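Engineer: Input: one structure, supplied below.
Each value in this text was obtained by applying a stated rule to the coordinates, not by laboratory testing. Just so it is clear, the model here is predicted, and its values are computed rather than measured. Every residue, glycine among them, receives a Cβ derived from its backbone with ideal geometry; neighbour counts consider all protein chains shown.
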Amino acid sequence: MSSEIKLEANTGRDQGSRSSRRLRREDKIPAVVYGQGKDPLPVTLDRPKFRAALNAAGPNAVITLDVDGNDCLTIVKNMQRDPIANRVTHVDFMLIDIDQRLIVDVPITLTGDAVLVRQEGAVVQQQMMTLTVESPAGNIPQVFEADISEMSIENPIRVSDLEMGSGVVPQVEEDSLIAIGQRSRAAVAAEDAEGAEATEMAEGEEVSEVSTGSADDASDDAGEDS
C-alpha cells in the first residue's frame with residue numbers, strides 16, 4: 001500500500017532550460033506542484049533524496065512536500081527522464097486530499113512456478129503489465145502480485161484473481177486476462193504431426209481390413225461354385 005513520506009521542496013528557482021540544466025548539474029531536479037485550483041508552483045528537489053523516497057515507497061506513494069515550511073500532500077503525476085542516461089529530469093506533483101479517489105496505474109508482477117503450464121508444453125505469457133484502478137489516495141497499491149502456481153492453459157489468471165485492497169476498484173472487466181499459458185509453435189506443430197500420423201495409421205488399418213475382407217469373400221464364392 002502507499003506509504004506517506006516527507007520530502008523537502010524549495011521555491012524561488014529560475015525557470016527556463018538554462019536554469020534547469022544548471023540545477024541538474026548540481027544534482028537537483030526541477031519540479032512543479034499544481035492542483036486544487038492553485039497556480040502551478042515551480043520547486044526544486046534534491047535528487048538523491050527524491051530517488052531514495054521513490055525507492056522506499058514506490059511511484060504511487062503519497063508524498064508530503066515541505067514547501068518552505070508548509071506541508072503539501074501530493075502524488076507524483078508525471079516524471080520526465082533523459083532517454084540516454086535514464087535520469088529523472090523533471091517531476092510533476094499533484095496536490096491531493098488523503099480521502100480523495102484517484103485513477104492510477106499499478107504494475108503487476110507474476111509470482112510462483114507455473115508447473116501445470118510447463119507440463120502442458122506451454123509457457124506463461126503476461127498479457128497485462130499494469131492495471132488501472134480507482135483508489136483512495138491513502139490506500140493506493142504499489143504493486144499487484146499474481147500467483148501463477150495453480151494456473152494452466154484452461155485456467156488463466158484474470159483480474160478477478162487479484163487482491164484489490166479496501167476501496168480499490170479496477171477500471172477494466174474482472175474477467176480481463178493477466179496471464180495465459182500458450183504453447184509454442186514447435187509444440188503445436190509436433191502435436192499436429194502426431195495427429196496426422198495417427199489419422200494415416202487409422203486409415204491404413206481400415207483399408208487393410210477392407211482388402212482382407214474382399215479376398216475372403218472371393219475365396220468363399222469360389223468354394224461354392226466348385
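Engineer: Based on the alpha-carbon gyration tensor of segment 11-54 and its eigenvalue square roots a ≥ b ≥ c, which shape applies: rounded if a/c is under 1.5, prolate if not and a/b is larger than b/c, or oblate? Can you show the working numbers first?
Structural biologist: Working: a/c = 3.08, a/b = 1.24, b/c = 2.48.
Because a/c hits 1.5 or more and a/b fails to exceed b/c, segment 11-54 counts as oblate.
Engineer: To continue, here is another question. Calculate, in nm to one decimal, what Asp113 and Ser160 gain on full extension: separation in residues at 0.36 nm each, minus their alpha carbon distance. Spell out each step's value before the answer.
Structural biologist: Working: separation 47, 0.36 × 47 = 16.92 nm, distance 1.96 nm.
My answer for the length gained is 15.0 nm.
Engineer: Note the count of lysine pairs whose C-alpha atoms are less than 17 angstrom apart in segment 5-96, limited to pairs 8 or more residues apart or on different chains.
Structural biologist: Details: Lys6/Lys28; Lys6/Lys49; Lys6/Lys77; Lys28/Lys49; Lys38/Lys77.
Eligible lysine pairs with Cα atoms under 17 Å apart amount to 5.
Engineer: Moving on. Find out how many positive minus negative residues lie around Glu145, taking Lys and Arg as positive, Asp and Glu as negative, among other residues whose Cβ is under 11 Å from that of Glu145.
Structural biologist: Working: positive: none; negative: Asp147, Asp161, Glu163.
Neighbourhood net charge equals -3.
Engineer: Antiparallel as a % of all DSSP beta bridges within segment 5-96, to the nearest 5? Let's see the in-between values first.
Structural biologist: Numbers: 21 of 30 bridges.
Expressed as a percentage, antiparallel bridges in segment 5-96 total about 70.
Engineer: Still on this structure, I have one more. If I model a spin label as a point 7 Å beyond the Cα along the Cα-Cβ vector, how far apart are those points for Asp66 and Glu174 in nm?
Structural biologist: For Asp66 paired with Glu174, the spin-label model returns 4.5 nm.
Engineer: With labels modelled as points extended 7 Å from the Cα through the Cβ direction, what inter-label distance (nm, one decimal) is found for Ser19 paired with Gln127?
Structural biologist: Each label point is offset 7 Å from its Cα along the Cβ direction, giving 4.9 nm.
Engineer: Under the classification rounded if a/c is under 1.5, otherwise prolate if a/b is larger than b/c and oblate if not, where does segment 5-96 fall, given a ≥ b ≥ c as square roots of the Cα gyration tensor eigenvalues? Intermediate results must be reported in sequence, preceding the final value.
Structural biologist: Working: a/c = 1.58, a/b = 1.18, b/c = 1.34.
Because a/c hits 1.5 or more and a/b fails to exceed b/c, segment 5-96 counts as oblate.
Engineer: With the Cα gyration tensor of segment 103-185 in hand, convert its eigenvalues to equivalent ellipsoid semi-axes via √(5λ) and list them largest first in whole Å.
Structural biologist: Numbers: eigenvalues 140, 24, 19 Å².
After diagonalising the Cα gyration tensor, the semi-axes are 26, 11, 10 Å.
Engineer: Sequence-distant or interchain residues sharing an amide H contact under 5 Å with Arg158, placed H: which?
Structural biologist: Ile178
Engineer: Then there is this: For segment 56-157, give the magnitude of the charge dipole about the Cα centre (Cβ charges: +1 Lys/Arg, -1 Asp/Glu; no others), in debye to the nearest 20.
Structural biologist: With only Lys, Arg, Asp and Glu charged at Cβ, the dipole is about 320 debye.
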